[in-house]
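Note sheet for the following structure.
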């Protein structure tokens, strides 16, 4: 024990101010930067620009406060400016729930108001809105429960009438269903339910396609990141 304590004290004496850890700074100060711009785990980031700032939201899973909101003037220097919710909106999260909770949120702005949507694979799609990214944010609202389907990423499209939330559901056996909402609360089915076939362009009507791994029969999801919507003749 005395030998160990002596070695520990020697290490403390040898430390100098120059050996202390410093915060990670991606900005080189000369108009250039180096990656990563955020040296931390911000999974599934979604970034928008509103005014002179960029804003980011990311998955927080079961961590609270949930749904961190970050702000940057240049996409390099980021700081946390708030969270959408202090807690998760279900009593099940009063105990640890590994890998559950907030998955792949979507951040949008329309007419001066900010919207966040996220998919909980076990409960459904939740949404909240606020007058500024810093808040105050409305309580999380369950806009669509899972109803036996698997839900993952909630993607909000912003049009002239405001945000549109697209929901993609896949049930056992590859049964697929698309629906949308203009208020994040009430969803309307798009077209007919259909069964995904391996190698078939089943989502051609809106440019989506997904197939499961060979030999796997459980339900899955479609990861939606980008859309182009054209007016039909």
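The values are calculated or read from the model by the stated rules, or taken from the named source; none is laboratory data. As the structure is a prediction and not an experimental result, all values here were calculated from the model. Because the Cβ atoms are built from the backbone with ideal geometry, glycine has one as well, and the counts that use them run over all protein chains shown.
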(message) Step by step: first the residues of the stretch 68-78, then only those that are under 22 Å from residue 129 (Cβ atoms) and free of Cβ contacts under 8 Å to residues at least 60 places away in the same chain, then the one that is surrounded by the fewest Cβ atoms within 10 Å (Cβ to Cβ). Which residue is that?
(response) 72
(message) Given the criterion farther than 18 Å from residue 51 by Cα and either buried (at least 18 other Cβ atoms within 10 Å of the Cβ) or under 17 Å from the mean Cα position of the chain (by Cα) (or both), identify the matching residue among 84, 92.
(response) 84
(message) So residue 64 passes all but one of these: (1) assigned to a loop (DSSP other than H, G, I, E, B); (2) surrounded by fewer than 14 Cβ atoms within 10 Å (Cβ to Cβ); (3) touching a strand residue (DSSP E or B) at 6+ places or on another chain (Cβ under 9 Å). Which condition number does it fail?
(response) (2)
(message) I need the full set of residues from the stretch 28-61 which are within 27 Å of residue 88 (Cα to Cα), in a strand (DSSP E or B) and touching a residue at least 40 places away in the same chain (Cβ under 8 Å), in order please.
(response) 46, 47, 48, 50, 55, 56, 57, 61
(request) Among what's in the stretch 184-195 and is surrounded by 15 or more Cβ atoms within 10 Å (Cβ to Cβ) and in contact (Cβ under 8 Å) with a residue 40 or more places away in the chain, pick the residue that is farthest from residue 119 (Cα to Cα). (result) 187
(request) Keeping to the stretch 121-161, report how many residues are closer than 18 Å to residue 100 by Cβ, at pLDDT below 55 and either under 17 Å from the mean Cα position of the chain (by Cα) or surrounded by fewer than 15 Cβ atoms within 10 Å (Cβ to Cβ) (or both). (result) 6
(message) The conditions are (1) modelled with pLDDT of 90 or more; (2) on the phi < 0 side of the Ramachandran plot; (3) not in a loop (DSSP other than H, G, I, E, B), and residue 87 fails exactly one of them. Which is it?
(response) (3)
